[in-house]
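Report on the following structure.
The values are calculated or read from the model by the stated rules, or taken from the named source; none is laboratory data. All values derive from a computational prediction rather than experimental measurement. With ideal geometry, Cβ positions are generated from the backbone for all residues, glycine too; neighbour counts draw on all protein chains shown.
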Amino acid sequence: MTDKSIKALESETNNNMKALASNTSNAIKTLELNTNDSVDTLEKKQNLMSTSFGVKTQKLEGILNSSMTGLQQQITNSNKRVSMTACVNSHGTHQLSSYKVVKFDNIKVQYGVNNLNRFKSDGKFIAEMEGMYIVSAWIMSSSVNAEFGIYHNGILISNTYISSDGGHYNTATGVTAIDLQTNDTVWIGTIHSMQIYSFDRSCFTIVKVK
């Protein structure tokens, strides 16, 4: 092999080594860039997951706190006493025409009822607390075909007939259970025109039982 051939081989070898070194360097840089991008992407995903998890955790805590507050309020409400008994205050008898509200304006006993003045004024009980209530009324009358009903928000729930021959006083009692929501109204109303006897012979009772 001549000197010229040896030099050509050396030159080619050097060029190949330089090309290999350059390619290796470029490959390393590309790998580093890809690795950095992957790390950045992974960190972003981790941050997003952490943020999302934190938000979901806060929402869950909010829901749990709200549920616990609501449950505690329900327990508190269920333990509160609400009851009232009131009677017709006017002495003797008084006449009411059909579909009139009976006013029981003589409050005998009450627990947990605040709007007594309105009840005494218009005869309508307004629920200040939701729950299951027992509603009852007993009325004495001597009118023929005397009949009264228990109304819930203007809807007749039950009606009670008082048997009478028109010459003697008789008493009848109506009782029902009503699931009341806050601000619901309950009252006793006449079905037919009738006389109502007072002296604590005609009364209304409502009791929250749950």
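What is the residue count in region 154-176 for residues that are under 20 Å from I126 (Cα atoms) and exposed (fewer than 12 other Cβ atoms within 10 Å of the Cβ)?
The total comes to 2.
Quick one: which of T51, T57 is modelled with pLDDT under 70 and either out of contact with any strand residue (DSSP E or B) (no Cβ under 6 Å at 6 or more places or on another chain) or in a loop (DSSP other than H, G, I, E, B) (or both)?
Matching residue, one of T51, T57: T57.
Within the group T173, T205, which residue is assigned to a strand (DSSP E or B) and more than 28 Å from the chain's Cα centre (by Cα)?
T173
Tell me, yes or no, whether region 187-195 has at least one residue that is modelled with pLDDT under 95, more than 30 Å from N79 (Cβ to Cβ) and part of a strand (DSSP E or B).
yes
Spot the failing condition for N89; the list is (1) of a type outside the set (A, V, I, L, M, F, W, C); (2) touching a strand residue (DSSP E or B) at 6+ places or on another chain (Cβ under 9 Å); (3) at pLDDT below 75, and only one is missed.
(3)
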